[in-house]
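These notes concern the structure reproduced below.
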Amino acid sequence: MFKHNKAFSGFSVDDIAKAKQFYGDTLGIAINKMPEMHGILKLHIAGSNPIVIYAKPNHVPATFTILNFPVNNVADAVTQLTQRGVQFIIYNEPNFKTDQQGIFHGGGPKIAWFTDPAGNILSVIEEG
């Protein structure tokens with residue numbers, strides 16, 4: 001039924017202006033406002049369908065990673081994003097630890113998690 005549909009994803013935030021600043025200015029993603037749908041943003045990420053961000057008064061942050069950004073070098077991406085004010089999550093659990101920069105080296109690709117202003121979890125993940 002949906003084999004040929006171009007599905008898209010969406011998620012909520014509590015403040016659309018903060019989301020626009022974070023995703024547009026801090027992360028450098030192309031954003032369009034959707035004038036026909038007041039308060040809704042479209043993120044345009046290379047190689048994917050647009051991602052919709054909408055304000056929700058009773059927003060609760062996702063407890064899982066909603067967007068993964070593939071990068072060539074996670075350490076370089078963490079350094080650049082930290083310089084832009086992004087704070088990475090430090091995990092220090094018995095079987096799950098990140099280093100002081102927030103990078104996980106425990107098997108699989110290197111990955112580091114951070115949150116948007118609404119508390120949704122995002123990551124940079126090393127390709128290749």
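The values are calculated or read from the model by the stated rules, or taken from the named source; none is laboratory data. Note that the structure is a prediction, hence the values are computed from the model and not measured. Ideal geometry is used to build each Cβ from the backbone, glycine not excepted, and the neighbour counts take in all protein chains shown.
If you scan the range 48-61, which residues turn out to be within 22 Å of Thr82 (Cα to Cα) and at pLDDT below 95?
Our first condition is that a residue be within 22 Å of Thr82 (Cα to Cα); within the range 48-61, this holds for 61.
Of everything in the range 48-61, nothing turns out to be within 22 Å of Thr82 (Cα to Cα) and at pLDDT below 95.
Annotation: of all residues in the range 77-90 being closer than 10 Å to Ala112 by Cα and assigned to a loop (DSSP other than H, G, I, E, B), the one that is farthest from the chain's Cα centre (by Cα) is Ile90. Figure legend. Inter-residue proximity from the range 58-83: first residues on the phi < 0 side of the Ramachandran plot, second residues assigned to a helix (DSSP H, G or I) and small (Gly, Ala, Ser), beta-carbon distance below 9 Å, spacing 6+ or different chains. Indicated pairs: Phe69/Ala77; Val71/Ala77. Among the criteria (1) closer than 27 Å to Glu126 by Cβ; (2) within 17 Å of the chain's Cα centre (by Cα), the one Phe96 does not fulfil is (2). Among residues belonging to the range 1-39 that are assigned to a strand (DSSP E or B) and under 13 Å from the mean Cα position of the chain (by Cα), point out the one that is nearest to Gly119 (Cα to Cα). Per the stated criteria, the residue is Val13. Residue-level check: of (1) modelled with pLDDT of 95 or more; (2) farther than 17 Å from Phe114 by Cβ; (3) surrounded by 12 or more Cβ atoms within 10 Å (Cβ to Cβ), Lys42 misses just (1).
On the basis of being in contact with an Asp or Glu (Cβ under 8 Å, 6 or more places away or on another chain) and either hydroxyl-bearing (Ser, Thr, Tyr) or without any contact (Cβ under 8 Å) to a residue 24 or more places away in the chain (or both), does Tyr23 make the cut? Yes, satisfied. Could you list, in sequence order, the residues of the range 25-47 that are over 27 Å from Gln83 (Cα atoms) and small (Gly, Ala, Ser)? Passing the criteria: only Gly39.
A search for C-beta distances below 8 Å between a residue of the range 103-124 that is in contact (Cβ under 8 Å) with a residue 40 or more places away in the chain and any residue that is surrounded by 20 or more Cβ atoms within 10 Å (Cβ to Cβ) and part of a loop (DSSP other than H, G, I, E, B), counting only pairs 6+ apart in sequence or on different chains, returns Trp113/Gly102; Leu122/Asp116. Taking the options Asn92, Asn73, name whichever one is out of contact with any Gly (no Cβ under 9 Å at 6 or more places or on another chain), farther than 30 Å from Asn5 by Cα, surrounded by fewer than 12 Cβ atoms within 10 Å (Cβ to Cβ) and not charged (D, E, K, R). One residue alone meets the criteria, Asn92.
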